[in-house]
């Protein structure tokens, strides 16, 4: 399950409004490593057309 907090939603909306690509954007979340305190993540704004075959797409709270 993926939960987007109100603060995270605000930040995503801010990043999306400043990004090139208009309204056809997605957030890609990747696990890039693991440290002593848990996983390390990489978040990217991508255009939907750039999604990979193995991407899992989830529509969450309008995103």
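Bear in mind these aren't lab numbers, they're just calculated from the coordinates by the rules spelled out. None of these values were measured; they are calculated from a predicted model. Cβ: placed from backbone, ideal geometry, glycine included. Neighbour counts: every protein chain shown.
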Relative contact order as a percentage, the chain, C-alpha pairs under 8 Å and 6+ apart, gives 30
Once label points are set 7 Å from the Cα along Cα→Cβ at both residue 9 and residue 40, what is their separation, rounded to one decimal in nm? 3.2
Rounded to a whole number, the Stokes-Einstein D of segment 2-53 in µm²/s (Kirkwood radius over Cα pairs; 25 °C; 0.890 mPa s) is 196
Helix-only [θ] at 222 nm, the chain, -39500 (n - 2.57) per DSSP H run of 4+, per residue, nearest 500, equals -6500 deg cm²/dmol
